[in-house]
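The values are calculated or read from the model by the stated rules, or taken from the named source; none is laboratory data. On a predicted model such as this, the values are computed, not experimentally measured, just so you know. Positions of Cβ are generated from backbone atoms using ideal geometry, with glycine treated the same way; all protein chains shown enter the neighbour counts.
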Amino acid sequence: MARINENYLNLMESYLFSDIAKRVHAFCKQHPEQEVIRMGIGDVTLPLVPRVTEAMHRAVDEMGSKDTFRGYGPEQGYDFLREAIVSYYDRIGVGLTAGEVFVSDGAKSDVGNITDLFGRENTVLIPDPVYPVYVDTNLMNGRKIVYLDANEQNGFLPMPGDEQADIIYLCSPNNPTGAVYTREQLKVWVDYAIRRHAVILFDAAYEAFITDDRLPRSIYEIEGAKRCAIEFCSLSKTAGFTGTRCGYTVVPMELVLTVSDGQEITLNKLWNRRQTTKFNGVPYIIQRGAEAVFSEEGQKQIRENIAYYRANAKTIGNTLTKLGIPFTGGVNSPYIWMKCPNGMGSWEFFDFLLENIAVVGTPGAGFGRNGEGYFRLTSFGSIDTTEEAMTRFFNLLK
């Protein structure tokens, strides 16, 4: 008799954003005349920049010619893109080799898939509130999870204490709170991981939104990090690839773990083996578009898009400030994490906004126990809809 993986029964019945979609759908059905402004799911609204689409058009033409057609590509990514990513890291003072970079269809996939490398007996340390994928993928594998409190008192940037953990998830700039770790704080985490022989899984998907040069954009800016950290990054928010799908994972050669027979194994080698078995690589056309992101002109164009979203974040932050509502994020992050007014619960506030002003955000409770009483807004809408949403918001709550 076939048996299911019963760890799946420990998951919440539905994914957070599916619940939101159902509630919004029901509201729209009842109020078809109402224009709903969606500031919940972090999907971008600006199109791909010209430098990217031009590169993709050229790649399409190549695929239509016998002389330049390409079939299966390398599972790790084409050299032209891996080298472009290495050059990008060079600009922030981080030296990598192309062999340490693995191109993927997005950070979300790799953050979940990386768990294939680790035994079930590992204890996982996850800050709360947190991006649900970190929790769910480990529940699926039956691992023990220890939660670390991220709260108003520590600025939603928890630090290690006496917890005993083998795998540590960190996200900076953070989703959902928008908080960003300093170099000094990340150094504490790196030292902790080295002492514990633990591995940090560092999600840097929003690094392009950091404007403060004092804040690290990669964990590899921290001494010792290559000995203990794997970094995930994505072009989804950086360059509008939410529907195009491309990201990358960095697994340093220095990251070595000892197995039961005393042999030392590089995680780079294991990840390469996993990818060659379970992944056929990102399409050539997409990788040519991704390569263009890292060109001089591509960087200039995507910075303009990011500045657009930063302006939205500032509009949201200014509105909350006028209303006297505490929040984090919105400066070095596209997310604004606000305290629900008047002591409301996060789902209660969700329904309150939807019913009264047709504005949709994300209830903090969906990100964990410590998210209750908080609410996430994103800056990825258009300037017009963001301004309209904040006008409605201010008039409702003033």
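Checking each residue in the stretch 203-212 for being part of a loop (DSSP other than H, G, I, E, B), among the small types (G, A, S) and in contact (Cβ under 8 Å) with a residue 40 or more places away in the chain picks out only A205.
Given the criterion among the aromatic types (F, W, Y) and without any contact (Cβ under 8 Å) to a residue 60 or more places away in the chain, identify the matching residue among F69, F156. Testing whether each residue is among the aromatic types (F, W, Y) and without any contact (Cβ under 8 Å) to a residue 60 or more places away in the chain leaves just F69.
Tell me yes or no: at least one residue of the stretch 368-386 is of a type in the set (D, E) and under 19 Å from G42 (Cβ atoms). First the steps, then the outcome.
First, the residues of the stretch 368-386 that are of a type in the set (D, E): 372, 384.
Still in the running and under 19 Å from G42 (Cβ atoms): 384.
The answer is yes; a qualifying residue exists.
With respect to the stated conditions, L46 is modelled with pLDDT of 90 or more and surrounded by 10 or more Cβ atoms within 10 Å (Cβ to Cβ). Residues that are under 20 Å from P326 (Cβ atoms), outside any helix (DSSP H, G or I) and in contact (Cβ under 8 Å) with a residue 40 or more places away in the chain within the stretch 364-382 comprise G368, Y374, R376, L377, T378, S379, listed in sequence order.
The number of residues in the stretch 14-40 being of a type in the set (A, V, I, L, M), in contact with a Phe, Trp or Tyr (Cβ under 8 Å, 6 or more places away or on another chain) and either in a helix (DSSP H, G or I) or in the same structural domain as T238 (by TED's automatic domain parsing) (or both) comes to 2.
Put simply, of L139, L215, L148 the only residue that is among the aliphatic types (A, V, I, L, M) and in a loop (DSSP other than H, G, I, E, B) is L215. When you scan the stretch 329-339, do you find a residue that is among the aromatic types (F, W, Y), surrounded by 16 or more Cβ atoms within 10 Å (Cβ to Cβ) and farther than 13 Å from L46 by Cα, even just one? Scanning the stretch 329-339 turns up at least one residue that is among the aromatic types (F, W, Y), surrounded by 16 or more Cβ atoms within 10 Å (Cβ to Cβ) and farther than 13 Å from L46 by Cα.
Check whether at least one residue in the stretch 161-170 is assigned to a loop (DSSP other than H, G, I, E, B), touching a Ser or Thr at 6+ places or on another chain (Cβ under 9 Å) and among the β-branched types (V, I, T), and report yes or no.
Just the residues of the stretch 161-170 that are assigned to a loop (DSSP other than H, G, I, E, B), to begin with: 161-166.
The next check asks that each one be touching a Ser or Thr at 6+ places or on another chain (Cβ under 9 Å); those that pass are 163-166.
Okay, now just the ones that are also among the β-branched types (V, I, T), so none.
No, the conditions are met nowhere in the stretch 161-170.
Quick grid of which residues meet (1) assigned to a helix (DSSP H, G or I); (2) small (G, A, S); (3) under 17 Å from the mean Cα position of the chain (by Cα):
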residue: K237; (1), (2), (3): yes, no, yes
residue: P252; (1), (2), (3): no, no, no
residue: G289; (1), (2), (3): yes, yes, no
residue: G298; (1), (2), (3): yes, yes, no
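Yes or no, residue by residue, for (1) closer than 18 Å to Y88 by Cα; (2) basic (K, R); (3) in contact with a His (Cβ under 9 Å, 6 or more places away or on another chain):
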residue	(1), (2), (3)
A193	no, no, no
A204	yes, no, no
R217	yes, yes, no
Y220	yes, no, no
S236	yes, no, no
G243	no, no, no
V250	yes, no, no
E254	no, no, no
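Flag not set for T385, criterion: modelled with pLDDT of 95 or more, in a helix (DSSP H, G or I), among the polar types (S, T, N, Q) and under 19 Å from G324 (Cβ atoms).
State which residue is surrounded by the most Cβ atoms within 10 Å (Cβ to Cβ) when the search covers only the stretch 235-262 and only residues that are charged (D, E, K, R) and on the phi < 0 side of the Ramachandran plot.
Step one: list which residues in the stretch 235-262 are charged (D, E, K, R), which gives 237, 245, 254, 261.
Imposing the further condition that a residue be on the phi < 0 side of the Ramachandran plot reduces the set to 237, 254, 261.
Details: K237: 27, E254: 15, D261: 5.
Per the stated criteria, the residue is K237.
Taking the stretch 3-15 as the range and being surrounded by 14 or more Cβ atoms within 10 Å (Cβ to Cβ) and at pLDDT below 80 as the test, only Y15 passes.
In the set (1) touching a helix residue (DSSP H, G or I) at 6+ places or on another chain (Cβ under 6 Å); (2) in a helix (DSSP H, G or I); (3) surrounded by 22 or more Cβ atoms within 10 Å (Cβ to Cβ); (4) of a type in the set (A, V, I, L, M), the condition left unmet by A313 is number (1). A single entry from G262, G281 fulfils the requirement of being within 27 Å of H197 (Cβ to Cβ), more than 19 Å from the chain's Cα centre (by Cα) and assigned to a loop (DSSP other than H, G, I, E, B): G262. Within the stretch 1-39, being small (G, A, S) and either more than 28 Å from N356 (Cβ to Cβ) or in contact (Cβ under 8 Å) with a residue 24 or more places away in the chain (or both) holds for one residue alone: A2. Return the residue satisfying two criteria in turn: it lies in the stretch 179-206 and is surrounded by fewer than 24 Cβ atoms within 10 Å (Cβ to Cβ) and of a type in the set (D, E), and of such residues it is nearest to the chain's Cα centre (by Cα). Residue satisfying both the conditions and the ranking: E184.
For the stretch 267-280, indicate whether the set of residues that are more than 23 Å from I114 (Cβ to Cβ) and at pLDDT 95 or above is non-empty.
So far as the stretch 267-280 goes, no, none of its residues is more than 23 Å from I114 (Cβ to Cβ) and at pLDDT 95 or above.
The residue pairs whose first member lies in the stretch 270-286 and is outside the structural domain of G71 (by TED's automatic domain parsing), whose second member is among the hydroxyl-bearing types (S, T, Y), and whose beta carbons are closer than 7 Å, counting only pairs six or more residues apart or on different chains, do not exist in this structure.
Can you find even one residue in the stretch 179-202 that is assigned to a strand (DSSP E or B), charged (D, E, K, R), outside the structural domain of M338 (by TED's automatic domain parsing) and in contact with a helix residue (DSSP H, G or I) (Cβ under 7 Å, 6 or more places away or on another chain)? Spell out the reasoning first.
Pass one, the stretch 179-202, residues assigned to a strand (DSSP E or B): 199-202.
If we keep only those that are charged (D, E, K, R) as well, we get none.
No: zero hits.
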